[in-house]
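Trainee: This is the structure, below, for whatever I ask next.
Bear in mind these aren't lab numbers, they're just calculated from the coordinates by the rules spelled out. Since this is a predicted model, take the numbers as computed values, not measurements. Cβ sites come from the backbone with ideal geometry, for glycine too, and all protein chains shown count toward neighbours.
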Amino acid sequence: MAVAANEEVMVSVVIPTYNRAGLIGKALESVLRQSYGKYEIIVVDDGSVDDTKAVVTGNYPQARYIYKDNGGAASARNIGISEARGELVAFLDADDAWYESKLEKQVEVMAADTGIPLCFTDWREVKDGRVWHESGVHWGRGFRPDGDYVYHNMVNGFKMLPSCTMVRKDLLVKHGLFNEELPICEDWDLFLKISTEGDVAYIDTPLLDRHLEDDRLTAKRAIWMRASVTIIEDHLRLISSGRLVVGDSRAAWETLTQRLLQDGHTLAYILYTSGKGAEARNLLVRCMRIAKGTTKDAVILLLKTFIPYKIGHGMKYILLGKWLKND
């Protein structure tokens, strides 16, 4: 080991799972192969109806298995945190796999500086056994090579995977754990809050293979945007009330409001083109009011919402056809 004293630090590995009987074994094997030895494994089964229980309890006695009714990944992680005995918590999704030195490298960083609230690593994107991206962090939006992962920079689109993070348990508890009301992005919400506690550490080496599925992104765009708007509005309220203290509140406020207008516009467009003009209009007005400003695109879309999308879309092609004919 690089630092022998690190073995004194207990790490609680929390693995939420739902119907991953065919994949969770690989995740557990990756934990058991860790070069760092002082850890516990907590598997929280979020109501699986497949053979997950048999796979875990029959093959991995090192893991503590907890079954709960289905309530989502956030609720499963929260139960794992409440059961954790370690001062550090490392999350691992049941379809991902760590490299052998993952825990060792992160413990070394966090043990060397107790002011670090959270440490994350790079990862590889893997699908159907093929590597799609050698670096998930560098490929993703918002990566900062200077390592300046302060709150207002992380707001700007950067998202850590739970599987690549290690967090101090007391800070998870302090910031209210994962928001179980959010359908998605609950990890971004909580890790943003925790980033206000100190300098976030980043290890610029892939220490995780992330398993990709077809439904992870495009099919959930509206859900992503709605969750993002909800989170940003909540953070603005927390900062305004003093319940969330950030190092540079002005920069945080400006970044949050810009992101609110951006994601609010995207969600409003999805709503408008789905025939929900009134909802889109109310959303745009709310975002403009909170941000105390607007954008040209938002104003144009706001005006469009007064005309049903199908009618406006049809009129555009009628006018275009007449223009081409006259030309």
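Trainee: From the Cα gyration tensor of the stretch 162-225, with a ≥ b ≥ c the square roots of its eigenvalues, which class applies: rounded if a/c is under 1.5, or else prolate if a/b is larger than b/c, or else oblate?
Mentor: In terms of gyration-tensor shape, oblate.
Trainee: Kindly state, as a whole number, the per residue volume in cubic angstrom of the convex hull around the alpha carbon atoms of the chain.
Mentor: 169
Trainee: Based on the Cβ-Cβ distance from residue 173 to residue 32, what FRET efficiency comes out when R0 is 41 Å, to the nearest 0.05? Mind dumping the intermediate values first?
Mentor: Numbers: r = 27 Å, r/R0 = 0.67.
That pair, residue 173 with residue 32, gives E of 0.90.
Trainee: Calculate one ³J(HN,Hα) per residue across the stretch 174-179 by plugging θ = phi - 60° into the Karplus curve 6.51 cos²θ - 1.76 cosθ + 1.60, and present them in order as whole Hz with x for glycine and proline.
Mentor: With coefficients 6.51, -1.76 and 1.60, one gets 4, 9, x, 6, 7, 6 Hz.
Trainee: Under the rule a/c < 1.5 gives rounded, and otherwise a/b versus b/c splits prolate from oblate, where does the stretch 189-261 land using the Cα gyration tensor? Don't skip to the end; give the middle numbers.
Mentor: Working: a/c = 2.70, a/b = 1.30, b/c = 2.07.
Verdict is oblate for the stretch 189-261.
Trainee: Could you pull out every residue, at least 5 positions away or on a different chain, whose amide H is within less than 5 Å of the one on residue 132? Hs are placed 1.01 Å off N in the peptide plane, and Pro or chain starts have none.
Mentor: Distant-sequence amide H within range of residue 132: 125, 126, 127.
Trainee: Can I ask one more? How many percent of DSSP beta bridges within the chain run antiparallel, rounded to 5? Please list the in-between numbers first.
Mentor: Numbers: 11 of 35 bridges.
Approximately 30 percent, going by the DSSP bridge assignments.
Trainee: Follow-up. Within the stretch 219-314, how many Lys pairs that are eight or more residues apart, or on different chains, come under 20 Å at the alpha-carbon?
Mentor: Qualifying lysine pairs in the stretch 219-314: 4.
Trainee: Right, next: Hey, can you grab everything whose amide H is under 5 Å from the amide H of residue 86? Only 5+ residues off in sequence or another chain; H modelled, so Pro and N-termini drop out.
Mentor: Here 12 satisfy the definition.
Trainee: Further question on the same structure: Treat each spin label as a single point 7 Å out from the Cα along the C-beta direction, and report the residue 245 to residue 184 distance in nm.
Mentor: Label at residue 245, label at residue 184, 3.5 nm between them.
Trainee: Same structure again: In nm, give the distance between the simple-model label positions of residue 82 and residue 295, each being 7 Å from the Cα along the Cα-to-Cβ direction.
Mentor: 4.0
Trainee: Which ³J(HN,Hα) values in Hz, rounded to whole numbers, follow from the phi angles of the stretch 198-208 under the Karplus curve 6.51 cos²θ - 1.76 cosθ + 1.60, where θ = phi - 60° and Gly and Pro get x?
Mentor: x, 6, 6, 9, 10, 9, 7, 9, x, 10, 7
Trainee: Here's another thing I want to ask about it. Need the full-extension length gain, residue 57 to residue 282, defined as separation in residues times 0.36 nm minus the C-alpha distance. One decimal, nm. Walk me through the intermediate numbers first.
Mentor: On the way: separation 225, 0.36 × 225 = 81.00 nm, distance 5.05 nm.
Result: 76.0 nm gained on full extension.
Trainee: Quick one: length gained pulling residue 222 to residue 67 fully straight, 0.36 nm per residue minus the C-alpha distance? The partial results should precede the final answer.
Mentor: Numbers: separation 155, 0.36 × 155 = 55.80 nm, distance 3.07 nm.
Length gained between residue 222 and residue 67: 52.7 nm.
Trainee: Taking H placed 1.01 Å from N in the peptide plane, check which residues at least 5 places from residue 121 or on another chain put their amide H under 5 Å from its amide H.
Mentor: Amide H to amide H, under 5 Å and 5 or more residues apart or across chains, residue 121 pairs with 203.
Trainee: Once every DSSP H run of n ≥ 4 in the chain is given -39500 (n - 2.57) and the sum is divided by its residues, what mean residue ellipticity at 222 nm do you get, rounded to the nearest 500 deg cm²/dmol? Intermediate results must be reported in sequence, preceding the final value.
Mentor: Details: 13 runs with 151 residues, N = 327.
It comes out at -14000 deg cm²/dmol, rounded to the nearest 500.
Trainee: Something else: Ranked highest first by the average count of other Cβ atoms within 10 Å around their residues, in what order do 172-183, 123-134, 266-277 fall?
Mentor: Values: 172-183: 17.0, 123-134: 14.2, 266-277: 18.7.
Packing proxy ranking, top to bottom: 266-277, 172-183, 123-134.
Trainee: Hey, another quick one. Gain in length, residue 303 to residue 233, computed as 0.36 nm per residue apart minus the alpha-carbon separation, to one decimal in nm? Show your work: numbers first, answer last.
Mentor: Details: separation 70, 0.36 × 70 = 25.20 nm, distance 2.34 nm.
Value of the extension gain: 22.9 nm.
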